[in-house]
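Student: Sharing a structure below in structure tokens format, with a few things to ask.
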Amino acid sequence: MTQTLADLTRALLDFRDERNWAQFHRLKDLMLSLSLEAAEVLELAQWKRDEELEAFAADPEGRALLADECADVFAYLLLLADRAGIDLTEALLLKLAKNAEKYPVATSYGRSDKYSRLPELPVGKAKRRER
Ligand SMILES: [Mg+2]
């Protein structure tokens, strides 16, 4: 896979523009669509026990359905970012750096606690935690 985010966004914008759909892609509607498509991912999990869901994702037909919904989420995320002028690569790297500050390995390793519930770093290793 050698497509960049810019290539994929361009393909989506071309698809949209060939259909004259830009008029419908208001910021609000792209935000709603992202959430609605994410809910469709969840719908695949509805009523399935953990082992049933794992089997579903391992099955080619189930995985294809999941891939379809992931693609819908990805498409709306790219369209939303384009519409809002967000560089997703930059945003992700920035968020990763913020999360590294909030979740130091020394206190978060193997723990699922929210950062505000993690123990304080030992003196000398303390970094200010953002709240
Ligand atoms: Mg969908």
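Student: Find which of Leu121, Ala39, Leu27 sits farthest along the positive direction of the dipole of the chain, computed with +1 on the beta-carbon of Lys and Arg, -1 on that of Asp and Glu, about the Cα centre.
Tutor: Ranked along the dipole, the leading option is Leu121.
Student: With r as the distance between the Cβ atoms of Asn20 and Ala84 and R0 = 25 Å, compute the FRET efficiency 1/(1 + (r/R0)^6) and round to 0.05. It would help to have the intermediate numbers written out before the result.
Tutor: Numbers: r = 21 Å, r/R0 = 0.85.
For Ala84 and Asn20, the calculated efficiency is 0.75.
Student: Express in nm, to one decimal, how much length is gained between Lys28 and Phe56 on full extension, taking 0.36 nm for each residue of separation and deducting their alpha carbon distance. Walk me through the numbers on the way to the answer.
Tutor: Details: separation 28, 0.36 × 28 = 10.08 nm, distance 3.28 nm.
Working it through step by step, the gained length comes to 6.8 nm.
Student: Also, I was wondering about something else. What angle do you read, to the nearest 10 degrees and between 0 and 90, between the alpha-carbon axis of helix 88-102 and the longest principal axis of the chain?
Tutor: 20
Student: Now for a different question. Using Cα pairs under 8 angstrom and six or more residues apart, how large is the relative contact order of the chain, in percent? Walk me through the numbers on the way to the answer.
Tutor: Working: 61 pairs, mean separation 32.2, N = 131.
Relative CO of the chain lands at 25 percent.
Student: Can you give the helix-only mean residue ellipticity at 222 nm for the chain, where every DSSP H stretch with n ≥ 4 adds -39500 (n - 2.57) and the sum goes over all residues, rounded to the nearest 500 deg cm²/dmol?
Tutor: One gets -21500 deg cm²/dmol as the mean residue ellipticity at 222 nm.
Student: Taking one equal scatterer on every alpha-carbon of the chain, how large is log10 of I(q)/I(0) by Debye at q = 0.18, 0.21 1/Å?
Tutor: -1.08, -1.14
Student: Taking the Cα centre of the chain as origin and charging only Cβ (+1 Lys, Arg; -1 Asp, Glu), how large is the dipole, in debye to the nearest 20? Don't skip to the end; give the middle numbers.
Tutor: Working: 20 positive and 24 negative charges, 246 e Å.
Around 1180 debye, computed over the chain.
No lab work stands behind these numbers, since they all come straight from the coordinates. Here the structure is a predicted model, which is why all the values come from computation and not from measurement. As a convention, Cβ positions derive from the backbone with ideal geometry for all residues, glycine included, and neighbour counts pool all protein chains shown.
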